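Written below as structure tokens is the structure these notes are about.
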Amino acid sequence: MGLVDHESRPGRAPAPISELGKDPRLDARHAVLFEPLQVGPKLLPNRFYQVPHASGFGTDRPRAQAAFRAVKAEGGWGGVCLDYAPISRDTDETPEVGANLWDDQDARALAISVEAIHAHGSLAGIELHHGGAESTNGDSRNHRLAPSQVASAQTWAGLAKEMTVDDIERVRADWVRAARRARDVGFDIVYVYGAHGYLLTQFLSPHTNRRTDGYGGSLANRARLFLETIEAVAEAVGRDCAIAVRTAVHGRDGLPGIDIDDMLGFIGLADPMVDLWDVNVGSWPEDSGSSRYFPEGHQRPWASRVREVSSKPVVGVGRYTSPDLMAEVVRSGAVDLIGAARPAIADPFLPRKIAEGRLADVRECTGSNVCILREEAFDRVGCLQNPSAGEEYRRGWHPERHPPTVTPDTRVLVVGAGPAGLECALVLGRRGYRAVHLVEAEDEVGGKLRWMRRLPTLGDWGRVLDWRQVQLDQLPEVEVITGRRLSAAEVLEYGADVVVLATGSRWRDDGVQPGRPDPLVGADLPDVLTPEQVAGGLRPRAGRVVVYDCEGYLVGSGVAELLADEGSEVHLVTPFPVVSPVSDHTLEGEHLRAHLHRRGVRTHRGITLDGFDTGSVWGEDDLGDAWRLPAGGLVLVTQQTSDDQLFHELSADVEALRDAGVVALHRVGDAVAPRMTSEAVFDAHRLARELDSTDPSVPLPFLRERVSLHEEDRARRPGRPGA
Ligand code: ADP
């Protein structure tokens with residue numbers, strides 16, 4: 001089966017990356033983004049730079065890594081980096097997966113990515129890494145290394161070893177060896193990674209570096225290992241590769257004890273040896289700040305400070321998706337390159353779309369940090385906006401190309417235009433189904449996101465809907481009908497060959513919660529509301545409002561903030577030991593809790609509610625003691641339930657379906673089981689990609705990368721006495 005590139009004009013081959021700036025459709029205001037830039041010995045073809053970020057693929061899944069990165073090069077990112085790359089077995093972040101460069105076999109695994117990136121004319125970068133005290137070394141069980149025996153801020157597994165001078169020399173030598181390996185397999189940009197509180201920053205900080213030898217004390221001494229490492233790496237590979245240094249210029253947790261002047265002092269010292277400064281802020285939750293708490297470009301003031309002491313190119317991130325802002329940032333001289341991790345995951349083709357003047361087609365990052373949650377919790381990158389992210393190799397999915405259907409005349413009815421229904425109809429239209437109808441009960445498409453996007457801080461989540469609506473408008477094959485709630489009889493009469501039910505879910509109004517199958521006492525009283533009812537304008541009549549949050553993510557906090565902003569006294573009660581534990585996976589937890597606190601929302605953790613009467617809520621705390629709080633109203637964010645009545649009615653009468661000519665009935669998204677929006681979108685995308693397979697209700701198998709059991713891999717353990 002071939003692939004249809006529905007985006008490009010028939011017969012027109014995609015322009016090579018070096019020609020993107022010559023596209024007549026490029027808006028002159030954005031031309032600056034397509035100017036090449038010399039970085040040491042290498043020429044970047046444009047100003048779009050995918051900064052190093054973890055994917056979960058590392059060296060373990062080299063083909064998935066290569067396909068994930070290659071699609072960004074194809075989409076026009078002039079520089080494409082891989083994951084963080086531990087330089088030796090002295091540093092691993094197990095269970096996280098890195099792009100290890102411990103030996104030549106690792107390098108060979110990463111070479112596949114280099115080739116794939118080069119095939120599109122982009123430069124390939126590798127972020128050589130040593131985590132120091134922040135390494136878990138959960139795999140190697142080697143000593144964790146640190147400048148001094150100081151407890152790590154993040155890692156609980158005991159203290160790290162204070163490095164001896166031999167350790168220091170070994171780390172420097174490992175860095176050089178890893179850099180040579182990277183050079184030998186063709187990497188263009190080699191990093192000395194010091195940001196985010198890792199080993200070289202631990203040396204810089206007087207909080208973690210308490211040494212009294214030549215590597216501690218004054219700034220020059222604390223900077224010594226960082227500078228020596230840059231120098232050694234530059235000497236080893238500097239004529240073949242550009243030397244990039246990633247460092248932080250500001251941050252609370254990432255840079256304890258180092259102020260901006262110290263940092264600029266260090267940057268000034270290192271500048272002659274560095275070809276590219278990759279600048280960010282120290283703490284990861286701030287650096288990769290979610291859209292709920294950080295606006296686009298929030299790191300800009302910090303990144304631009306590097307100019308005071310450096311004449312070298314600077315790359316800065318900022319979840320940039322607006323080409324006007326990107327161009328302005330580059331023109332202003334704040335940075336030379338637009339760095340991106342999340343926007344490049346959401347839309348690998350962002351640069352190409354800007355070059356082609358297709359701004360409405362840019363699939364803008366929502367800043368939800370679902371990519372980070374997927375990566376942190378499941379070791380697999382994913383995306384709320386781009387369901388193909390991470391599926392490039394194993395499922396063969398491409399973000400812009402969709403295999404043409406073998407049954408274009410199949411008439412498909414999709415019922416429900418939430419995120420799942422919108423995605424399903426869109427992919428079906430793109431695959432060339434000639435008659436797709438998307439029917440929505442409400443006057444507006446969007447499903448749950450229709451109201452969730454209006455909760456405080458969640459506005460950018462609306463991009464999930466906006467992008468899909470704009471794309472559907474361009475597809476005459478798909479008819480979107482709103483304001484029509486279909487009954488089972490109407491579905492049967494519709495004249496569709498295939499019916500996909502994307503009817504979604506709603507919050508339960510009976511207070512059933514995880515682990516407690518019975519309704520909450522008093523859930524039927526008038527002042528007890530669901531999130532949908534609050535979003536629709538209903539409010540408890542008077543007094544303090546309790547928001548009972550058993551989801552532990554965004555709806556409870558969003559509703560609580562909405563009510564607090566209106567002037568209610570709001571108490572958020574949750575059975576979890578922290579408020580919104582899921583938000584810790586998206587790096588939002590600490591900001592969310594501080595934010596609610598500033599809004600005056602009081603929180604109660606470890607409380608399971610049993611009931612409500614007109615004066616109070618009651619239940620028990622995590623030690624089993626009775627707990628009660630006076631309250632005038634209660635919002636139940638306890639559990640969702642699928643809207644699957646239509647499915648059950650239709651599937652119960654197989655004969656009626658057959659008589660109506662319906663050959664297949666499917667369900668997607670929350671109508672199957674309520675879950676994260678990213679997973680509902682993925683589910684719908686998967687079904688639409690596979691609708692013409694033998695049994696679309698069962699996902700097709702995907703490729704797996706497995707450790708080879710080939711004889712040559714069973715090398716004898718090196719260096720073993722007597723071996
Ligand atoms: P998902 O996340 O799976 O897309 P949502 O709950 O966000 O689910 O959206 C489901 C959408 O389906 C809602 O907009 C709802 O109005 C719509 N819907 C539910 N039942 C019907 C029906 N019988 N006819 C048309 N639309 C429906």
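For this structure, a couple of remarks:
- Single residue of Glu93, Glu127 found to be of a type in the set (Asp, Glu) and crowded, with 24+ Cβ neighbours inside 10 Å: Glu127
- Residue in the range 512-528 that is among the β-branched types (Val, Ile, Thr) and within 16 Å of the ligand (Cβ to nearest atom) present: no
- Hits in the range 393-427 (condition: charged (D, E, K, R) and more than 15 Å from the ligand (Cβ to nearest atom)): Arg394, Arg395, Glu400, Arg401, Asp409, Arg411
- Qualifying residue in the range 552-559 (condition: part of a helix (DSSP H, G or I), surrounded by fewer than 21 Cβ atoms within 10 Å (Cβ to Cβ) and away from the ligand (no atom under 16 Å from the Cβ)): no
- Of all residues in the range 394-418, exactly one satisfies the criterion of being surrounded by fewer than 23 Cβ atoms within 10 Å (Cβ to Cβ) and at positive phi, namely Gly396.
- Leading residue by the ranking (nearest to Glu93 (Cα to Cα)) among those in the range 144-157 that are surrounded by 15 or more Cβ atoms within 10 Å (Cβ to Cβ) and modelled with pLDDT of 90 or more: Arg144
- Any chance His591 is part of a helix (DSSP H, G or I) and in contact (Cβ under 8 Å) with a residue 24 or more places away in the chain: yes
- Qualifying residue in the range 428-436 (condition: within 16 Å of the ligand (Cβ to nearest atom), in contact (Cβ under 8 Å) with a residue 12 or more places away in the chain and buried (at least 18 other Cβ atoms within 10 Å of the Cβ)): yes
- Subset tally (residues that are more than 27 Å from Val663 (Cβ to Cβ) and within 14 Å of the ligand (Cβ to nearest atom)) for the range 462-492: 5
- Selected residue (criterion: nearest to the ligand (Cβ to nearest atom)) from residues of the range 668-710 that are among the charged types (D, E, K, R) and closer than 28 Å to Asn369 by Cβ: Asp670
Here's the yes/no breakdown for (1) touching a strand residue (DSSP E or B) at 6+ places or on another chain (Cβ under 8 Å); (2) not aliphatic (A, V, I, L, M):
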position: Ala435; (1), (2): yes, no
position: Gly447; (1), (2): no, yes
position: Met452; (1), (2): no, no
position: Gly462; (1), (2): no, yes
position: Ala488; (1), (2): no, no
position: Ser505; (1), (2): yes, yes
position: Pro519; (1), (2): no, yes
position: Gly522; (1), (2): yes, yes
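- The single condition among (1) farther than 30 Å from Leu359 by Cα; (2) more than 15 Å from the ligand (Cβ to nearest atom) that Gly459 does not satisfy is (1).
- Against the test of being over 17 Å from Cys81 (Cβ atoms) and either surrounded by 22 or more Cβ atoms within 10 Å (Cβ to Cβ) or of a type in the set (Asp, Glu) (or both), the options Ala195, Ala179, Ala160 yield a single qualifying residue, Ala160.
- Every test in (1) in contact with a strand residue (DSSP E or B) (Cβ under 6 Å, 6 or more places away or on another chain); (2) surrounded by 21 or more Cβ atoms within 10 Å (Cβ to Cβ); (3) among the acidic types (Asp, Glu) is passed by Glu588 save one, and that test is (1).
- The range 561-582, residues that are free of Cβ contacts under 8 Å to residues at least 40 places away in the same chain and at negative phi: Ala564, Glu566, Ser568, Glu569, Val570, Leu572, Thr574, Phe576, Val578, Val579, Pro581
- With respect to being assigned by TED's automatic domain parsing to the domain that holds Val39 and under 21 Å from Ala340 (Cα atoms), Ala303 falls outside the description.
- Failed item in (1) modelled with pLDDT under 95; (2) not in a loop (DSSP other than H, G, I, E, B); (3) not small (Gly, Ala, Ser), with Pro540 passing the rest: (2)
- Residue match in the range 49-67 (condition: in contact (Cβ under 8 Å) with a residue 12 or more places away in the chain, of a type outside the set (Lys, Arg), within 13 Å of Leu337 (Cβ to Cβ) and in a strand (DSSP E or B)): yes
- Close contacts from the range 84-111, counting a first residue that is more than 22 Å from Val245 (Cβ to Cβ) and free of Cβ contacts under 8 Å to residues at least 12 places away in the same chain and a second that is of a type outside the set (Gly, Ala, Ser) and assigned to a loop (DSSP other than H, G, I, E, B), with Cβ to Cβ under 9 Å and a gap of 6+ residues or different chains, come to Gln105/Thr59.
- Any hit, the range 502-511, residues being away from the ligand (no atom under 16 Å from the Cβ), at pLDDT below 95 and outside any helix (DSSP H, G or I): no
- Those residues of the range 336-361 which are closer than 28 Å to Glu375 by Cα and outside any helix (DSSP H, G or I), in sequence order: Leu337, Ile338, Gly339, Ala340, Ala341, Asp347, Pro348, Phe349
- For the range 279-301, the tally of residues that are part of a strand (DSSP E or B) and in contact with a Cys (Cβ under 9 Å, 6 or more places away or on another chain) stands at 0.
- The residues in the range 614-651 that are within 16 Å of the ligand (Cβ to nearest atom) and exposed (fewer than 14 other Cβ atoms within 10 Å of the Cβ) can be counted, and the count is 2.
- Taken as a whole, the range 479-486 holds at least one residue that is crowded, with 18+ Cβ neighbours inside 10 Å, within 31 Å of the chain's Cα centre (by Cα) and either part of a helix (DSSP H, G or I) or in contact (Cβ under 8 Å) with a residue 24 or more places away in the chain (or both).
- Residues that are crowded, with 19+ Cβ neighbours inside 10 Å, hydrophobic (A, V, I, L, M, F, W, C), closer than 16 Å to Leu455 by Cβ and within 22 Å of the chain's Cα centre (by Cα) occur in the range 592-601; there is at least one.
- Residue tally, condition touching a helix residue (DSSP H, G or I) at 6+ places or on another chain (Cβ under 7 Å), over 21 Å from Trp277 (Cβ atoms) and surrounded by 24 or more Cβ atoms within 10 Å (Cβ to Cβ), over the range 71-89: 4
- Flag for Gly138 being under 28 Å from Ala66 (Cβ atoms), touching a Pro at 6+ places or on another chain (Cβ under 8 Å) and not charged (D, E, K, R): yes
- The set of residues in the range 447-456 being more than 19 Å from the chain's Cα centre (by Cα) and more than 10 Å from the ligand (Cβ to nearest atom) consists of Arg454, Leu455, Pro456.
The values are calculated or read from the model by the stated rules, or taken from the named source; none is laboratory data. Just so you know, these numbers come straight off a predicted model, no measurement behind them. Here Cβ is always computed from backbone atoms with ideal geometry, including for glycine, and neighbour counts include all displayed protein chains.
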